[in-house]
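The next block holds one structure in the form of structure tokens; read it before the comments.
Each value in this text was obtained by applying a stated rule to the coordinates, not by laboratory testing. In this text the structure is predicted, and so the values were computed from the model without any measurement. All Cβ positions, even for glycine, are placed from backbone atoms using ideal geometry, and neighbour counts span all protein chains on display.
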Amino acid sequence: MDLRFECQPGCTKCCDTEGMVYLSEEDVQRAARFVHMTQADFEKKYIYRTRHQRRFRKPRKKQCPFLGPGGCDIHPAKPTQCRTYPFWPEIVERRSTWRATGKLCPGIGKGPLIQIGSAMEIAEEQRRAYPEMYKQ
């Protein structure tokens, strides 16, 4: 499988796709520090939590509270889910899914060749961050 990917300047298509932004405990801590809030205050304002998952609350008419006109307002502290895209297990483990995702993501098929081992390491990071989503 030919894995090429390079985020395209100014592109926020992955951030504006219908869905949820799930968060690990580390994601929440990192983002709260970045915006200079206590974790408790950050969670109260931005997080919806269930027994097994945390995710950003969705504001009206956008997918993420931190998606601004110039892109991600917390880019240096963005969640694992965002940082690892498009190298999620469900995408890189199937050639057909990688190709289908390429129709949505203009960075797929561009840039340097990504070694499959590197892509799988990134996919494993996604699995470790969100074990409830990847139970076998």
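At a glance:
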{"item": "Pairwise label distance in nanometres, Lys44 with Lys62, each label 7 Å out on the Cα-Cβ vector", "result": "2.3 nm"}
{"item": "Among 126-132, 80-86, the order from most to least packed when residues are scored by Cβ within 10 Å on average", "result": "80-86, 126-132"}
{"item": "Residue order, fewest to most beta carbons within 10 Å, for Asp41, Asp2", "result": "Asp2, Asp41"}
{"item": "Rounded D (µm²/s) - segment 50-89, Kirkwood Rh over Cα pairs, Stokes-Einstein at 37 °C, 0.692 mPa s", "result": "282 µm²/s"}
{"item": "All Cα pairs of the chain, percent lying beyond 21 Å", "result": "44 percent"}
{"item": "In nm, spacing of pseudo-spin labels at Glu6 and Met20 (7 Å Cα→C-beta vector)", "result": "3.6 nm"}
{"item": "For Cys11, residues with placed amide H under 5 Å, excluding near neighbours", "result": "none"}
{"item": "Residues of type aspartates and glutamates that Lys13 reaches as a straight line, Cα spacing below 19 Å, ignoring anything fewer than 8 places off in the same chain", "result": "Asp73, Glu90"}
{"item": "Hits among aspartates and glutamates - C-alpha to C-alpha of Lys58 under 14 Å, sequence gap 8 or more where chains match", "result": "Asp16, Glu18, Glu43"}
{"item": "Contact order relative to length of the chain, as percent, for alpha carbon pairs under 8 angstrom and 6 or more apart", "result": "37 percent"}
{"item": "Selection from Pro79, Thr50, Val28, by position along the positive dipole direction of the chain (Cβ)", "result": "Thr50"}
{"item": "Helix-only mean residue ellipticity at 222 nm for the chain, each DSSP H run of n ≥ 4 adding -39500 (n - 2.57), per residue, nearest 500", "result": "-10000 deg cm²/dmol"}
{"item": "Net length gained if the chain between Glu93 and Met133 were fully extended (0.36 nm per residue, minus Cα distance)", "result": "12.8 nm"}
